[in-house]
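The values are calculated or read from the model by the stated rules, or taken from the named source; none is laboratory data. The shown structure was predicted, so the numbers you read here are calculated from the model rather than taken from an experiment. So basically every Cβ, Gly included, is an ideal-geometry build from the backbone, and we count neighbours across all protein chains shown.
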């Protein structure tokens, strides 16, 4: 952060300064954290209420660990503390306000990215494109929520020229909340698909929730959307610059840009990223040096040889199909898929799983390991060798027996299924 005084930090957070003593510390906090166990000298610790405990109770421990200061609810204020003590009735709202103030002080260009699937990969691709010429900070891991997004902004150092912020949602109002903090200059909606149907009910409702990003863009900002996506048409505004990507869109080719992978869905994500980069005046070129986020399609080469595609961070019908398409296009040997339950799909969940079984057969999957009670419905439509198992542990043991030299193995399922243990188990040496 900037060298803000305790008074400036409190004002930026819309909070009240209770104590300003900062001993042997710089003028402003060097970092913001919400985990008291992670506090380092110079940090600002924000105590957030949780389901089991309130982080404000650990304000004293944070100050003892050398924190620059703490931001907590009034009941956790410590007087005569060895650091700044800032009180807020709603510490989360104060954290968000502080992040918005820092975003404005940075003066960096901000891109907000949402979508039913592929938003993380699009973020990774855009970061690689912008990093060719600019100092970029982008969302790390899963810091894409009402807590993670402000922490990402506050982690950006002075001199940052571009912020690439992933925005996640599970219900109405959440994207609007994130956009109000980030104030994007460019809003990217990667796609609209059947995700979180259990809560939202219909694709129209999903589109409306994602389109909250467009509603909060300032006049003159840029909206990047898929070409021909009729579900978003009602949410476009005359005062926005609209750029479409994909077949028939404004950005339909990766002119001058080379990707280190060949899958169709990653190419689509790259087109969305390229549209956003150009909206910021960047001109990406050459082979991109892309570091994909963990469990988002990493290709792991094992002895044998065996290739494992670790794409087990999350899953929905759209991303499952795309991953199976990529498996079919890239595998030179036998195609093996370890597919877990796709969660939060609502009353049509069994049909969605049966359709994935049919798609796996269509894409030439030879062996399918279905993990969980919903994934077991893939047996109804899959024509190859199928093994239904109850959980990730059973899938790990079975996959180690089934996989043979020359195989390409796709591992994918919703986060709650925990299929990362399968990907790790395939990498473990035989005993």
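I'd like the residue in the range 106-121 that is touching a residue at least 24 places away in the same chain (Cβ under 8 Å) and part of a loop (DSSP other than H, G, I, E, B) and, out of all such residues, is nearest to residue 281 (Cα to Cα). Within the range 106-121, the match that is nearest to residue 281 (Cα to Cα) is 108. Scanning the range 260-281 for residues that are surrounded by 15 or more Cβ atoms within 10 Å (Cβ to Cβ) and touching a residue at least 60 places away in the same chain (Cβ under 8 Å) yields a count of 14. Select from the range 180-190 the residues that are within 16 Å of the chain's Cα centre (by Cα) and not in a loop (DSSP other than H, G, I, E, B) and write down the one among them that is farthest from residue 271 (Cα to Cα). Only one residue fits best here, namely 182. Collect the residues in the range 162-179 that are surrounded by 17 or more Cβ atoms within 10 Å (Cβ to Cβ) and either without any contact (Cβ under 8 Å) to a residue 24 or more places away in the chain or outside any helix (DSSP H, G or I) (or both), keeping them in residue-number order. Once the filter is applied, which keeps residues that are surrounded by 17 or more Cβ atoms within 10 Å (Cβ to Cβ) and either without any contact (Cβ under 8 Å) to a residue 24 or more places away in the chain or outside any helix (DSSP H, G or I) (or both), the range 162-179 yields 162, 163, 164, 165, 166, 167, 168, 169.
Scoring residue 92 on the criteria (1) crowded, with 19+ Cβ neighbours inside 10 Å; (2) touching a residue at least 40 places away in the same chain (Cβ under 8 Å) leaves a single failure, condition (1).
Take residue 100 and tell me if it is over 30 Å from residue 316 (Cα atoms), outside any loop (DSSP other than H, G, I, E, B) and modelled with pLDDT under 95. Spelling it out, it is not the case that residue 100 is over 30 Å from residue 316 (Cα atoms), outside any loop (DSSP other than H, G, I, E, B) and modelled with pLDDT under 95. Only one entry of 307, 271 meets the criterion of being touching a strand residue (DSSP E or B) at 6+ places or on another chain (Cβ under 6 Å), closer than 21 Å to residue 165 by Cβ and not in a loop (DSSP other than H, G, I, E, B), and that entry is 271.
For the residues 338, 367, 290, the requirement of being within 24 Å of the chain's Cα centre (by Cα) and modelled with pLDDT of 95 or more singles out 338. Filtering the range 349-386 to residues that are closer than 15 Å to residue 410 by Cα, crowded, with 24+ Cβ neighbours inside 10 Å and out of contact with any strand residue (DSSP E or B) (no Cβ under 6 Å at 6 or more places or on another chain) leaves 356, 357. Flag not set for residue 330, criterion: under 30 Å from residue 128 (Cα atoms), surrounded by fewer than 22 Cβ atoms within 10 Å (Cβ to Cβ), at pLDDT below 95 and not assigned by TED's automatic domain parsing to the domain that holds residue 416.
Before we move on, is residue 153 in a loop (DSSP other than H, G, I, E, B) and buried (at least 19 other Cβ atoms within 10 Å of the Cβ)? Taking the combined requirement at face value, the residue does not satisfy it. Note on the range 350-365: residues that are under 15 Å from residue 328 (Cβ atoms) and out of contact with any helix residue (DSSP H, G or I) (no Cβ under 6 Å at 6 or more places or on another chain) amount to 4. Residue 389 falls short of the stated requirement of being surrounded by 15 or more Cβ atoms within 10 Å (Cβ to Cβ) and within 25 Å of residue 330 (Cα to Cα). Taken as a whole, the condition of being free of Cβ contacts under 8 Å to residues at least 60 places away in the same chain, surrounded by 22 or more Cβ atoms within 10 Å (Cβ to Cβ), in contact with a helix residue (DSSP H, G or I) (Cβ under 9 Å, 6 or more places away or on another chain) and under 25 Å from residue 266 (Cβ atoms) applies to residue 144. Regarding residue 184, is this residue on the phi < 0 side of the Ramachandran plot, surrounded by fewer than 18 Cβ atoms within 10 Å (Cβ to Cβ) and in contact (Cβ under 8 Å) with a residue 12 or more places away in the chain? Against the criterion (on the phi < 0 side of the Ramachandran plot, surrounded by fewer than 18 Cβ atoms within 10 Å (Cβ to Cβ) and in contact (Cβ under 8 Å) with a residue 12 or more places away in the chain), residue 184 does not qualify.
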